[in-house]
Amino acid sequence: MKLERLVNIDRRIVYLCIAVGTTLPLLLPIGLPVSSTPPVRSLFEKVESLGPEDVVLLSFDYGPTTAPENTPMAEAILRHCFTRGIKVVVIALFPIGGVTMAGEVLANITPEYPQLQEGVDYAFLGYKDGAQAAMKQMGVAFVNVFPVDNGRRPLGEIPLMQRVVNYDDVDLIVTLSTNVIAEWWANLVNAQFGTPVAVGATAVSAPKYYAFLDSGQMIGLLGGLKGASEYERLVIDRYPHFARLYDRPGVYTAIKGMDAQTVDHAIIMAFILFGNTVHFLIRRRDRRAGLRDA
Amino acid sequence: MSQLIGVWVAAFLTLCIFSFLSRDNPFFRFAESLFAGVSLGYYIGIVAVNTLVPNLINPLFGDFGANAHLLIPLLLGLNLYTRFIPRIAWLARISLAVYIAYYIGINMVQKIQGEIVPQVGSTILHPIGGVMTPVDNLILIVGVLAVLIYFYFSIEHRGAVGAVSRLGVWFLMLGFGAAFGYTVMGRVSLLIGRMNFLFIDLVRITGQVF
């Protein structure tokens, strides 16, 4: 009977363990090491190969619901691009909050680079509905989709957009995505226009993108918080001055988040092992009892 | 002060949603309904301001002659609302037909050119080729064939076909396991984000104001 009580423990005990396992590492960071994987290194090296003459199209295809995963990616990639002087065109194709997230990330990052000029070093074109149609039409001309930027300025008046007409003028597309939009960047834009595409995906959608990675339709993949932490680590290792920025207390980063993630995974695995062990003990006990009764 | 009110409202709504962990309750249902309503309102506003105004209204009022062709999508869009008038509700089908036809066309090319052909191409590998990944190639080829056999229902899954089909199930289980592991990671990440908000951002912003 005691064993039955063990498999039927109140689920709120599990919730409490997870809550404590999540909160403590956030308040008292452990500083667990983060190692990088080839899909993340591939994107990092691609950005490293670009310079001030090159253009990255950064598409915010996620909303606040997945911000803890996607925002650290966006910030690390944007910092990396701005540090290398790469020109960045920012758009949003996700309806529920994409443009808001893009605006917030730009507002956080651009003050770190006071030399940057909006319209010259980066452009924020805003949100457009109908992602597939917009993607297709941007292959003809950005101005057909975004006649004005997010600040209502005609595209013709933006110096950067005078030389970025369509995908031919873009060296890399990075989509930070929560759903199927990342797939469209690969199977529509990469397939039809040939522009290299990299994806910063939520963990839920990351597994299916490995097929695109293997086929060369995506040149890099950041999978969830882990992918974001790897990119942060690569940026810090290559540009050590970022360490101070990422180590600031109270600032949420993917590296700090991975401490909590690791503790939570250990708790979940412990509960799985515990549940299975008790289950097999009950089975063995019942089998023995059956033999004795027979 | 407005930021302070904003973060405390957000904290209250977060706790309302978390309260579902105990049991269903009016606070959870209030927060859930509010989220659905606000999301819809946000969506309508963002589409109107970011798409309808700059891509339709402004061009039509700015230079009607050069943009007269935009009347076609405008009329097709307005036509969708005829479904609320029973006598002419059938007219809405015309707009829907155009919409569906466009996306079928775009999707067909996407799927064939952008998925089927390159994905099949990347599976055509030398079974033991490559310097670094001979085993990977073999696993990939065997896995794809075994899973395809599992989903091939025109032959009864017995004997050799049954064995390969069972192997396909193993590959599927491994795939589902990896996907589920990623899903757990994703959900935990979202929890981390909320906990960070409750225990760090909320405290920091409140401290800054007072």
field: Average projection area in nm² (convex hull over Cα atoms of the range B:1-60, one quarter of hull surface)
entry: 5.4
Two-site label geometry, residue B:58 and residue A:163: point separation in nm, points 7 Å out along Cα→Cβ: 2.5
Size-normalised alpha-carbon gyration radius of the range A:38-252, reference 2.2 N^0.38 Å: 0.93
- line: The rounded separation in angstrom of the Cα centers of the range B:51-85 and the range A:192-227 is 36
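Between residue B:203 and residue B:21, what is 0.36 nm times their sequence separation minus the Cα-Cα distance? Round to one decimal in nm.
63.2 nm
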- request: Obtain the nm distance between the two label points defined at residue A:19 and residue B:112 by a simple spin-label model: each point lies 7 Å from its Cα along the Cα-to-C-beta direction.
  value: 5.6
statement: Normalised Cα Rg of the protein assembly as shown, dividing by 2.2 N^0.38 Å with N its residue count, works out at 1.11
query: Per residue, what volume in Å³ does the Cα convex hull of the range B:125-210 take up?
result: 151
- line: Distance in nm between residue B:10 and residue A:270 label points, each 7 Å along Cα→Cβ, equals 3.1
query: If you project the alpha carbons of the range A:1-53 onto the principal axes, what extent comes out on each, in Å, largest first?
result: 70, 24, 19
field: Theoretical gain in end-to-end length, residue A:289 to residue A:152 [0.36 nm per residue, Cα-Cα removed]
entry: 41.5 nm
task: Would you compute, for the Cα atoms of chain B, the largest minus smallest coordinate along each principal axis and list the three values in descending order, in whole Å?
output: 67, 58, 41
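Each value in this text was obtained by applying a stated rule to the coordinates, not by laboratory testing. In this text, all values refer to a predicted model and were calculated from it rather than measured experimentally. Using ideal geometry, Cβ is built from the backbone for each residue, glycine included, and neighbour counts are taken over all protein chains shown.
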